[in-house]
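Here's the structure we're looking at; comments come further down.
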Amino acid sequence: MMDWDWSVIVEYKDLFIRGLLVTIELTVVAVAVGMVIGITSGFMRISRNKWFIPAKLYVDLFRGTPLFLQILFFHFAVLPTLAETFGLEAPDAMISSFVALSLNSGAYIAEIFRGGIQSVDQGQLEAARSLGMTYPQAMWHVVLPQAFKQMLPPLGNEFITLLKDSSLVTVIAVNDITYAAFVTAKNTFVRWAPYVTAGLMYLVLTTILSQMVSYLEKRFQTNRY
């Protein structure tokens, strides 16, 4: 029998609001840090310098293992070990979540960035260099504007995926949307209403993010470089 007692949502509304804010915070921080890591790793991936080989290992490692396992690994193994080594307090679940989500996102963004750069004809870079531009100037003014239009759709998909995958941090008791639904269902024995509410909250967030990405895509399609 389906239990649609929506009064439990009102009763636990503060928990859901807190979960919403935590989910947004996790996503924004992970995207911001992941962009920095991803762009840096992406440049290292397209470099022929042998010292940048670890960038490929990093990307392969984080793209080839489950995010769920990465969250557990950082929270219960890596960060506590580092804290103990340096005589620090063990980081809380939010810090572990930030680290795992950021590193995971950075690996995917690195590949998106690398693919976008390599999608631009090499002749564009060579032509810019022949006009007297330095390599950084050619990348910034010629290659990156063209590459960004190619990168925008997969970047948008990555951000949406990260938003949904942030629900995995529930396993280490981070008070996100999914955790709010789980606690509500456990305490009230009402199953449908909490989980449907959580699903709707994620749907609204992903829809808003999708619309933002679509707007940016249309905006950049109208610009010519």
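Please determine, by comparing only the residues of the stretch 5-49 that are touching a residue at least 60 places away in the same chain (Cβ under 8 Å) and outside any helix (DSSP H, G or I), which one is farthest from residue 156 (Cα to Cα).
5
Which ones in the stretch 62-80 are surrounded by fewer than 13 Cβ atoms within 10 Å (Cβ to Cβ) and over 14 Å from residue 101 (Cα atoms)?
64, 77
Checking the conditions here, which among 178, 184 is hydroxyl-bearing (Ser, Thr, Tyr), within 25 Å of residue 35 (Cβ to Cβ) and in contact (Cβ under 8 Å) with a residue 40 or more places away in the chain?
178
How do the helices (runs of 4 or more DSSP H) wholly within the stretch 120-225 filter down when requiring 1 or more residues that are over 20 Å from the mean Cα position of the chain (by Cα) and modelled with pLDDT of 95 or more: which remain?
177-188, 192-221
Count, please, the residues in the stretch 134-154 that happen to be touching a helix residue (DSSP H, G or I) at 6+ places or on another chain (Cβ under 9 Å), more than 20 Å from residue 221 (Cβ to Cβ) and open to solvent by 30 Å² or more (accessible area, probe 1.4 Å).
2
Suppose the filter is within 16 Å of the chain's Cα centre (by Cα), surrounded by 19 or more Cβ atoms within 10 Å (Cβ to Cβ) and under 30 Å from residue 199 (Cβ atoms); does residue 32 pass it?
For residue 32, the condition - within 16 Å of the chain's Cα centre (by Cα), surrounded by 19 or more Cβ atoms within 10 Å (Cβ to Cβ) and under 30 Å from residue 199 (Cβ atoms) - is not met.
The values are calculated or read from the model by the stated rules, or taken from the named source; none is laboratory data. Everything numeric here is computed off the predicted structure, so don't read it as measured data. Ideal geometry is used to build each Cβ from the backbone, glycine not excepted, and the neighbour counts take in all protein chains shown. When the accessible area is computed, the model is the full protein with side chains, heavy atoms only, and any ligands, DNA or RNA have been set aside. Shrake-Rupley method; radii C 1.70, N 1.55, O 1.52, S 1.80 Å.
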